[in-house]
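> Sharing a structure, written as structure tokens. Questions coming.
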Amino acid sequence: MRLKLLLGLCLLPFLLYAQIGGKTTYTFLDLSPSARSTALGGNYITVADDDVLNAFQNPATLGLMTHQKLAFSQGFHVGGVRFSNFAYGHSVSKWKMNFMLGLQSIQYGNLKETDELGAVLGDLKTRETAINLVTSYRFYEKLTFGANLKVISSAFGDYGSWGIASDWSAFYQDTAKGTSFTFIIRNLGSQLSTYSKGGKRERLPFQMQIGWSKRLKHLPFRFSVVYHHFDKWDILYDDPNKEDLTSLFGDSPTEKSKAAIFFDKFSRHFILSGEFILGKKDNFRLRAGYNFLRGKEMKLDNLRSFAGFTMGFGFKINRFRLDYGRANIHLGQSMHHVTISTGISEFKRNVVRSF
């Protein structure tokens, strides 16, 4: 009974988000680190600005604008699952290097531990955590390289595991044209210890990603395109229990054309998003996105839903920036995310002014 519960917990993040995995561990590493990212499709890797939490998904986005930035985010997933991210950024301009210390954690709600007969033994303690050490180096004005090191701890009751992982990325940004390009290798690593003694080491959720963004010249709007799982073409989940009984016109089912199958597989790799940036100092932002993979795998055949769509907003009040993001997981279930961030340098300026 406890072993079945453990397996279910290990697969929970995968079940909530997509159905391409199931054979990897530590999948919480791919959860959105901020409300902004959640509102923009859950994977926002194409912009480098003052958002230090972006470095969880793309280390190369660390820069001078993230110097002495602090941020905390809290996500509320379905089923009582909660996950948190904390980050602090620091830059050393003479070295052309930037650093971030980050923490990721996830809790799977209140679960009861039972024996083989179903008798309750108590509360089952569950937690997964990753400490992130991130750095980036500005190779030249428009090109930055980044990397991080993640030390991972996972515990489900009496079962525990340790692991290590790393992300590597390159980020090209042309501020004059308002464009950026990025390439990322994520979760390259291994388990250091398994959940059971002598058990087989499980794979980490490794993938490659590319992204592009463009800020329009005559409109306060920036759109982004992310292509994930660049290293794996077929991420289609073929449900063996699903059968098409009738076609659109009530005839017997027909096979999809090769073009339709190709487009279906191709589209699942994309996340499209856009952000309106308003105000004199860009203090108010409206966001929306669409995650094709989530939308296709969480849709219902007989009912329309907004699965895959995301939305949110952000605004700055005095020295603090507040962000909210919402992701529609499936019909009747959504994930909510809030973030608060600030900069230590802003407090220092106010202290100087008071004197």
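> Counting only helical runs of four or more DSSP H residues, what would the 222 nm mean residue ellipticity of the chain come to if each run contributes -39,500 (n - 2.57) and the total is spread over all its residues?
Value at 222 nm, helices only, nearest 500: -4000 deg cm²/dmol.
> What nm value, rounded to one decimal, do you get for the distance between N302 and S105 when each label is placed 7 Å out toward the C-beta?
4.4
> Additional query: Alpha carbon centre of segment 83-113 versus segment 302-332: separation in Å?
Computed from Cα coordinates, the inter-centre distance equals 21 Å.
> From the Cα gyration tensor of the chain, with a ≥ b ≥ c the square roots of its eigenvalues, which class applies: rounded if a/c is under 1.5, or else prolate if a/b is larger than b/c, or else oblate?
Verdict is oblate for the chain.
> Answer with one residue from M208, G295, T135: the one whose Cα lies farthest towards the positive end of the charge dipole of the chain, charges on Cβ with Lys, Arg +1 and Asp, Glu -1.
T135
> When Lys and Arg each count +1 and Asp and Glu each count -1, what net charge do the other residues less than 9 Å away from L331, Cβ to Cβ, add up to?
In short, +2.
> Based on alpha-carbon centroids, what's the gap between segment 20-71 and segment 173-233 in Å, whole number please?
First find each Cα centre; the distance between them is then 9 Å.
> May I ask you to derive the FRET efficiency for A259 and Q74 from their Cβ-Cβ distance with R0 = 30 Å, giving the value to the nearest 0.05?
Working from the Cβ atoms, E equals 0.10.
> Assign unit charges at the C-beta atoms only (+1 for Lys and Arg, -1 for Asp and Glu), then state the dipole size of the chain relative to its Cα centre in Debye, rounded to the nearest 20.
Using only the charged Cβ atoms, the result is roughly 1500 debye.
> Follow-up. With 26 Å as the limit, write out which pairs from K232/K258; K217/K316; K217/K281; K23/K265; K217/K299; K69/K150 have Cα-Cα distances beyond it, or answer none.
With Cα atoms farther than 26 Å apart: K217/K299.
> So, in nm, how far is label R203 from label N283 when the simple model puts each one 7 Å beyond its Cα toward the Cβ?
Spacing of the two 7 Å Cα→Cβ label points: 4.9 nm.
> Oh, and also: What does the charge count around Y172 come to, taking other residues whose C-beta lies under 12 Å from its C-beta (Lys +1, Arg +1, Asp -1, Glu -1)?
Neighbourhood net charge equals +1.
> Same structure, new question: Can you list which of the trypsin sites (Lys or Arg not before Pro) found in segment 178-212 are DSSP loop residues with at most 15 other C-beta atoms within 10 Å?
Filter output for segment 178-212: K197, K200, R201.
> May I pose another question? Modelling each spin label as a point 7 Å along the Cα-to-Cβ direction, I'd like the F347/L188 distance in nm, to one decimal.
In this crude label model, F347 to L188 measures out at 3.7 nm.
> Could you grab the relative contact order for the chain? Cα pairs under 8 Å, six or more apart, rounded to a whole percent.
Taking the mean separation of contacting Cα pairs over the length of the chain, I get 18 percent.
> Show me the helices of the chain, taken as full DSSP H stretches, that run 15 Å or more along their long axis by Cα and average 0.0 or above in Kyte-Doolittle hydropathy.
Span-like helices here: 2-17.
> Next question, about the same structure. Using a simple charge model, +1 on the beta-carbon of Lys and Arg, -1 on the beta-carbon of Asp and Glu, nothing else, what dipole does segment 274-355 show about its Cα centre, in debye to the nearest 20?
400
All of the numbers you see were taken from the coordinates with simple rules; none came from a lab. Quantities reported herein were computed from a predicted structural model and do not represent experimental measurements. Note that we place each Cβ from the backbone using ideal geometry, even for glycine, and neighbour counts take in every protein chain shown.
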